[in-house]
Amino acid sequence: QVQLVESGGGLVQPGGSLRLSCAASGSIVSVSAMGWYRQAPGKERELVAIITRADDANPATDIADSVLGRFTISRDTAKNTVYLQMNSLKPEDTAIYYCNARVLTENFWGQGTQVTVSS
């Protein structure tokens, strides 16, 4: 089992920034990748960014086109924590953001943290 706890969400004005954190615990040795997804009202959950654990020196990332250049995913291996730095936030970024951990075909999810971008 892998447990994920997100934090860092909140209300921010357009153009502002937030940093989301995801702390992992449990059987993290088996986790091959971690990342962030989001789900806006009335929409399906979509990929935001993924970072792999295969090579700590040169981790592979997968960033959604909609956030490329604005969002950055990173990790602190010692703290078993993944971060999502969100800059230049737009109203369309408003969603519940979920941390994800992948173990083969299994996916584990955090409880989600609300990000609201509004003036």
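With Cα atoms defining each centre, segment 1-17 and segment 102-119 are spaced 9 Å apart in the structure. For the chain, report the translational diffusion coefficient in µm²/s to the nearest whole number, using Stokes-Einstein at 25 °C, 0.890 mPa s, and a Kirkwood Rh over Cα pairs. Answer from the Stokes-Einstein relation: 172 µm²/s. Among the protein heavy atoms of the chain, carbon and sulfur supply 49% of the accessible surface, probe 1.4 Å, non-protein parts ignored. The modelled label-to-label distance for the pair LEU104/GLN1, using points 7 Å beyond Cα in the direction of Cβ, is 1.9 nm.
Summed over the residues of the chain and divided among them, the accessible surface reaches 54 Å² per residue at a probe radius of 1.4 Å.
Of the residues LEU18, ASN80, ALA101, the one whose Cα sits farthest toward the positive end of the charge dipole of the chain, with +1 on the Cβ of Lys and Arg and -1 on the Cβ of Asp and Glu, is LEU18. Take every Cα pair under 8 Å whose residues are at least 6 apart in sequence, average their separation, divide by the length of the chain, and the relative contact order is 37 percent.
The values are calculated or read from the model by the stated rules, or taken from the named source; none is laboratory data. Computed from a predicted model, the values in this text were never measured in an experiment. FYI the Cβ positions are ideal-geometry reconstructions off the backbone, even for glycines, and counts take in every protein chain you see. In case anyone asks, the SASA skips ligands and DNA or RNA and just uses the protein heavy atoms, side chains included. Shrake-Rupley method; radii C 1.70, N 1.55, O 1.52, S 1.80 Å.
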